Amino acid sequence: MKKIAICPGSFDPVTLGHVDIITRAAKMFDKVIVAVLVNPSKKPSFSINERIELLKEATADIERIEIVSFNGLLASYAKEKNAVAVVKGLRVVSDFEYEFQMALTNKKLNPELETIFLTTSARYMYLSSSMVKQVASFGGDISDFVPDCLYDKIYNRLKGDV
Ligand code: ADP
């Protein structure tokens, strides 16, 4: 049976930290579903379709991945897709408490589903979408944070967006 994993997140917008985690997950599983969360209570900088398009460009050379939008319970979605694992990146200690709670909740809801944490690559340790937004909104250089092919699209959208 094919081993399928899900990488969930907001990806608002995709960063090199995300691409790193997705690339590493793709080496471990037969298929990776990147699930872009639709969160109506948050006002995203990029629409769901824009986030999906950016992710598609950023991961164009990674094989066996699928990018989808996702709304609802991850544990049920994983069951529906026959996914065996949720793969998440862990950056600093502050990520841990929330992620631990989520992992235990998902395990309760779907005991077949494992949550796997990949340690961030050291160079992306402090990288997050909100950091990219902040730096770009003040006109700062985000070339170390987002894929080259997306620089203009992301920067032009965020610049001045204070
Ligand atoms: P954020 O908005 O905090 O950047 P997302 O909700 O879009 O994050 O994150 C999706 C997934 O990618 C999560 O598992 C998150 O931990 C992981 N991730 C995000 N940035 C990094 C990074 N710099 N290094 C490792 N994992 C990361």
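ALA85 meets each of the listed conditions (1) in contact with a strand residue (DSSP E or B) (Cβ under 6 Å, 6 or more places away or on another chain); (2) within 12 Å of the ligand (Cβ to nearest atom) apart from (2).
When VAL36 is tested against the conditions (1) part of a loop (DSSP other than H, G, I, E, B); (2) without any contact (Cβ under 8 Å) to a residue 40 or more places away in the chain, the lone failure is (1). For segment 54-91, the set of residues classified as assigned to a helix (DSSP H, G or I) and of a type outside the set (Gly, Ala, Ser) consists of LEU54, LEU55, LYS56, GLU57, LEU74, TYR77, LYS79, GLU80, listed by residue number.
Going by the structure shown, is TYR151 in contact with a helix residue (DSSP H, G or I) (Cβ under 7 Å, 6 or more places away or on another chain), without any contact (Cβ under 8 Å) to a residue 24 or more places away in the chain, surrounded by 15 or more Cβ atoms within 10 Å (Cβ to Cβ) and part of a helix (DSSP H, G or I)? The answer is no for TYR151.
What number of residues within segment 10-27 are of a type outside the set (Val, Ile, Thr), in contact with a strand residue (DSSP E or B) (Cβ under 7 Å, 6 or more places away or on another chain) and touching a residue at least 60 places away in the same chain (Cβ under 8 Å)? Final tally of qualifying residues: 6. Considering only segment 138-148, I want to know if a residue exists there that is within 19 Å of LEU37 (Cα to Cα) and modelled with pLDDT of 95 or more. There is no residue in segment 138-148 that is within 19 Å of LEU37 (Cα to Cα) and modelled with pLDDT of 95 or more.
Looking at segment 72-84, can you tell me whether even one residue there is hydrophobic (A, V, I, L, M, F, W, C), over 13 Å from the mean Cα position of the chain (by Cα) and surrounded by fewer than 16 Cβ atoms within 10 Å (Cβ to Cβ)? The answer is yes, given that some residue of segment 72-84 is hydrophobic (A, V, I, L, M, F, W, C), over 13 Å from the mean Cα position of the chain (by Cα) and surrounded by fewer than 16 Cβ atoms within 10 Å (Cβ to Cβ).
Which residues, taken from segment 114-144, are closer than 30 Å to TYR77 by Cα and either touching a Leu at 6+ places or on another chain (Cβ under 8 Å) or among the aliphatic types (A, V, I, L, M) (or both)? Scanning segment 114-144 gives ILE116, PHE117, LEU118, THR119, THR120, TYR124, MET125, LEU127, MET131, VAL132, LYS133.
The values are calculated or read from the model by the stated rules, or taken from the named source; none is laboratory data. Quick caveat: nothing in here was measured; it's all calculated off a predicted structure. Positions of Cβ are backbone-derived with ideal geometry, glycine not excepted, and every protein chain shown enters the neighbour counts.
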